[in-house]
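Colleague: Sharing a structure below in structure tokens format, with a few things to ask.
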Amino acid sequence: MNHANFDVAIIGGGHNGLTAAAYLARAGLSVIVLEKNSVVGGAAITEEFAPGFSNSVASYTVSLLNPKVIADLELVRHGLDIIERPAANFWPIDDRRGLLVPYGAASRREAYARFSKKDAARLDAYDAELGRAVSVLRDLITRTPPNAGGGILELIKAGGVGRRLLNLSLADQRLLVELFTASAADFLDRRFEDDTVKASFAFDGIVGSYAAPSTPGTAYVLLHHCFGEVNGKAGQWGHAKGGMGAITQAMAQSAVASGAVIRTNAAVGCVLVEGGRASGVVLATGETIKTRAVAANVGPKLLFRDLVAEADLDATVRAPFLAIKTGSGSFRMNVALAELPDFTCLPGREIGLHHRSGIVIGPTMDYLERAYLDARANGWSREPIVEMMISSTLDPSLAPPGKHVASLFVQHVAPHLPGGRSWSDTNEKAAFADLVIETVSRHAPNFKAAVLHRQVLSPLDLETRFGLIDGDIFHGQLGLGQLFSARPVLGYGNYRMPVKGLYLCGSGAHPGGGVTGVPGMNAAREIAKDLKRRRKRW
């Protein structure tokens, strides 16, 4: 059965696919978004996981969502309301000590001075360094990278990027080289002395990455998490009222208002290729939708493993896509709570500033290092790193009165368990989930008894439900070999894939993962340019 023709079919209704759809529809193109699940949003959705308790299912916090995307798609008009965290993070250290990091330079210095006055005095210089790096790279994230092997125009584009970098001071050039190549541990060792201070920054270098702080390249992951802002405030983190699904629902409304069509329960079986060109998609039901172009908002490894037939692409061209390094080492939980956790180092069951921040259990550099090494050897860390967001302290609508919901983003777990074990074994999932609860309870003894319900997602669940190969939340690791022009692979960094008319618009494309909307925006610009139908510039 054939469906009506469209200019563009977008595979996957996650946030980047919806962003691309909105921009393409605004450019005057006919667009259809095809989502396999019953609701759009991909990993950025909200659902009721226990009676009366709702929360973000996979992605769980807001900062990296690009302000241009928010403005262009009029997301606030479509219902988006981002609530700012009143404090950045809280690290329980032991029974007596905790590090609560507020916003504001003076308050932040005071908090760090309790651990090292010397390190507190260095904070401004550290922030300035990262700020200079971010200012250079922020402009590049919204540009299409120069494409290796793309001819004279791509050489000119590359020359423009190179000139900008060469105009930096020698110190800042060295800084960028260090950030792109060094480990988070080495980067921080050169700047701070106290182990807790270093661990508080190193967490951003390994979050979402199956790596240790000592792994080369994790300094860039740290930097990647510095690009954000909330409500115009740089470095701020926040919560989307109603959960992360509020973001994607606003995006969907923007896309539909601009003329896009969205279909759910519409899994794509394969990309239709005719005469060497993508000419539509075939759904799992057998229905064919003919288009002028296809944009994939799935990971590049999944795209070329499952959706592009062997006969439609030479094996040597396909091979680098199948070799993309994937795996975040992440395990995701939501819990319904009868009461707030009462931390030994900062007692209290009433809502405190620390309850409304990102609560991180990862008190030392050695703890962060062991978590990774343990997972590599045994399948999961026996002392996992946990980031907990108690969303209901910012958004009471998510839980019944007096009750709470919390997101637990946990590392490290092996994407594939060793020794013949599997995440498909419910006992494996339950055992690790129990360990996570026990880990939090070591710092807040009432936590275990407070848990009323829980939702548990292993790397396999993240792959099965959301198409995240190996549970990779970034659609491919953020190593130097998979960034900028080399993302997803060298030669295809400009969103155009090796099959003509096939594009990549998800996090596997530049500039990478996080709920940003930027890959979708950038890809839409290139698609519209190629189809010569752009009616509105952005």
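Colleague: Can you put CYS505, CYS270, CYS345 in order of accessible area, largest first, using a 1.4 Å probe?
Modeller: CYS270, CYS345, CYS505
Colleague: Next up: Starting from the alpha-carbon convex hull of the chain, give the projected area averaged over all orientations, in nm².
Modeller: Averaging across all directions leaves 23.8 nm² for the Cα convex hull.
Colleague: Related question: Per DSSP H run of n ≥ 4, the term is -39500 (n - 2.57); total these for the chain, divide by its residue number, and report the mean residue ellipticity at 222 nm rounded to 500 deg cm²/dmol.
Modeller: -10500 deg cm²/dmol
Colleague: Note the angle between two axes, namely the Cα long axis of helix 170-181 and the longest principal axis of the Cα atoms of the chain, as a number of degrees from 0 to 90, rounded to the nearest 10.
Modeller: So the helix axis and the longest Cα principal axis differ by about 90 degrees.
Colleague: Give the accessible area for HIS404 in Å² (nearest 10); use a 1.4 Å probe, count only protein heavy atoms, and leave out ligands, DNA and RNA.
Modeller: Accessible area, nearest 10 Å²: 20 Å².
Colleague: Using alpha-carbon pairs under 8 Å, 6+ residues apart, how would you state the relative contact order of the chain in percent?
Modeller: 25
Colleague: Treating the angle as unsigned and between 0 and 90°, give the value, to the nearest 10°, between the Cα long axis of helix 195-206 and the longest Cα principal axis of the chain.
Modeller: Tilt relative to the chain: about 20 degrees.
Colleague: Computed over the Cα atoms of the range 428-538, what is the convex hull's projected area averaged over all directions, in nm²?
Modeller: Result: a mean projected hull area of 10.6 nm².
Colleague: Between the range 494-529 and the range 18-49, what is the C-alpha centre distance in whole Å?
Modeller: That distance is 14 Å.
Colleague: Next question, about the same structure. Take LEU452, LEU29 and sort them by solvent-accessible surface of the protein heavy atoms, 1.4 Å probe, largest at the top.
Modeller: If we order LEU452, LEU29 from most to least accessible, we get LEU452, LEU29.
Colleague: Can you give me the solvent accessible area of TRP91 with a 1.4 Å probe, rounded to the nearest 10 Å²?
Modeller: 10
Colleague: Using only the alpha-carbon atoms, how far is helix 152-166 inclined from the longest principal axis of the chain? Give it as 0 to 90 degrees, nearest 10.
Modeller: Its long axis makes an angle of about 20 degrees.
Colleague: Once ligands and nucleic acids are excluded and a 1.4 Å probe is used, how much of GLU350 is accessible, expressed in Å² to the nearest 10?
Modeller: 150
Colleague: Ok, one more. Calculate the dipole size of the range 166-282 relative to its Cα centre from +1 charges on Lys and Arg beta carbons and -1 charges on Asp and Glu beta carbons; express the result in debye to the nearest 20.
Modeller: 520
Colleague: Another one. What percentages make up the Cα-Cα pair-distance distribution of the range 266-413 when the bins are 5 Å wide from 0?
Modeller: Taking every Cα pair in the range 266-413, the percentages come to 2, 8, 12, 12, 10, 9, 10, 10, 11, 9, 5, 3, 1, 0.
Colleague: Dividing the convex hull volume of the alpha carbon atoms of the range 187-248 by its residue count, what do you get in Å³ per residue?
Modeller: Looking at the range 187-248, the number lands at 118 Å³ per residue.
Colleague: What is the range 1-51's relative contact order, in percent, from Cα pairs under 8 angstrom and six or more apart in sequence?
Modeller: That works out to 42 percent.
Colleague: So how do ARG190, ARG108 rank on accessible area, 1.4 Å probe, biggest first, that is with the largest at the start?
Modeller: From most accessible down to least: ARG190, ARG108.
The values are calculated or read from the model by the stated rules, or taken from the named source; none is laboratory data. The structure displayed is predicted, hence computed values, not measured ones. Don't worry about glycine lacking a Cβ; one is built from the backbone with ideal geometry, like all the others, and counts go over all protein chains shown. These area figures cover heavy atoms from the full protein model, side chains too; ligands, DNA and RNA do not enter into them. Shrake-Rupley method; radii C 1.70, N 1.55, O 1.52, S 1.80 Å.
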